[in-house]
Amino acid sequence: MASSSCRFLSPPLATASSRTLLSSILSTAATSRRRLLLSSTTTTICAAAMAASSKAGSGSCKVVDSHLHVWASTLQAAGEYPYFPGQEATLRGDVDFLLECMDEAGVDGALIVQPINHMFDHSLVTSVLKKYPSKFIGCCLANPAEDGSGIKQLEHLIVQEKYRAVRFNPNLWPSGQKMTSEVGRSLFAKAGELGAPVGIMVMKGISSYIQEIEELCTDYPATTVIFDHMAFCKPPTNADEEKPFSSFLNLSRFPQVYVKYSALFRITREAYPYEDTSRLLSRVISSYGANRIMWGSDFPYVVPECGYKGAKEAISHVAGKIAVSSSDLEWILGKTVNQLFQGAWVTP
């Protein structure tokens, strides 16, 4: 590749064709600038990470996606792995497609979050985890049924099926009930007892759930908490929007709370590469530290937004806007999630 310091020199009497050629070269260079900008930081950081891990003896740069989904193909859904009624998939999300995307983007492993498409039927995700044990680990979906049956299901999935985390979706709680209900508390406590972090999806905004979350974190400090998608906080533009974001940052006082810097397309006000999220990332790093932050793509929802590879490249691009160190970016791109889920993503 030519050095960026190369100069184009015109002869004293340039012909029309040479001037046209020069114009074409300069135009091509200009259109390539954005692509180089997005990829250069990732290349630099991964090289640094490889050097660091080589010193530690591992010799590889582990990039891990902390948040994605897989669901049945159309053929699978018609047979062994049907969709939950009313939750039929509109995007391709089968594991073969995911593996293609991960390979293209240079992602080594991932945490699969049970998708709403299959609700509490974990058979499809379980089959993927068993087929690719060194590539994926699973996050099951908590079933807050009032009869408490979800508690036994949670224990089965973690102990028998080897899921490593559980997702709390407060929208699935029975009408009028909170995550701090008797069943909710039992699920939360059981997760901590089994060493499974609880991922919380506050799609309606953290303001509606902050009191419940603080109560659970205070009463069950042994249970690790992970906020999906930066707790759905977008860059604040006024005092009203600043308040919930500040509440989210204040939760960093609980050392067991982690953050997914994931699904950037959901927390931005701008088009790709979502540069405005740099303001969120900067403040979250200041409050939580990079060693409590992890990148996630939200595959396959991210594919029509910017592509899977684009989602990974955006992280390094945004980080470059606020001069995130190579060490911190290494934590965000894989080291945090590797440390949290020790023993995962180990090649036999």
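Per-residue accessible area (protein heavy atoms, 1.4 Å probe) orders SER316, SER326 as SER326, SER316, starting from the largest. Here the Karplus relation 6.51 cos²θ - 1.76 cosθ + 1.60, evaluated at θ = phi - 60°, turns the backbone of the stretch 119-132 into coupling constants of 6, 9, 8, 8, 4, 5, 4, 4, 5, 5, 4, 6, 6, 10 Hz, with x for every Gly and Pro.
Each other residue within a Cβ distance under 14 Å of LYS178 adds +1 if Lys or Arg and -1 if Asp or Glu, for a net charge of -4. Approximating the spin labels as points 7 Å out from Cα along Cα→Cβ, the GLU104-to-ASP219 distance works out to 4.7 nm. As a rough guide to protection, the peptides 232-243, 108-119, 202-213 ranked by mean Cβ packing within 10 Å, highest first, stand as 108-119, 202-213, 232-243.
With 20 Å as the limit, write out which pairs from LYS135/LYS162; LYS62/LYS260; LYS162/LYS190; LYS162/LYS260; LYS152/LYS204 have Cα-Cα distances beyond it, or answer none. Show your work: numbers first, answer last.
Numbers: LYS135/LYS162 14 Å; LYS62/LYS260 17 Å; LYS162/LYS190 15 Å; LYS162/LYS260 22 Å; LYS152/LYS204 28 Å.
Pairs exceeding 20 Å: LYS162/LYS260; LYS152/LYS204.
In this simple spin-label approximation, TYR132 and GLU242 carry label points 7 Å from Cα along the Cα→Cβ vector, and these lie 4.4 nm apart. Take the Cα of ARG185, go 7 Å toward its beta carbon, and the backbone nitrogen atoms of the stretch 208-247 under 16 Å from that spot belong to 211-223. Can you give me the long-range amide H partners of ASP121? Hydrogens built in the peptide plane at 1.01 Å from N, cutoff under 5 Å, separation of 5 or more residues or another chain. Under 5 Å from the amide H of ASP121: no residue qualifies.
In terms of the mean number of neighbouring beta-carbon atoms within 10 Å, the peptides 62-69, 270-277 order highest first as 62-69, 270-277.
The values are calculated or read from the model by the stated rules, or taken from the named source; none is laboratory data. Quick caveat: nothing in here was measured; it's all calculated off a predicted structure. For neighbour counting, all protein chains shown are included, and Cβ atoms are generated from backbone atoms with ideal geometry for every residue, glycine included. These area figures cover heavy atoms from the full protein model, side chains too; ligands, DNA and RNA do not enter into them. Shrake-Rupley method; radii C 1.70, N 1.55, O 1.52, S 1.80 Å.
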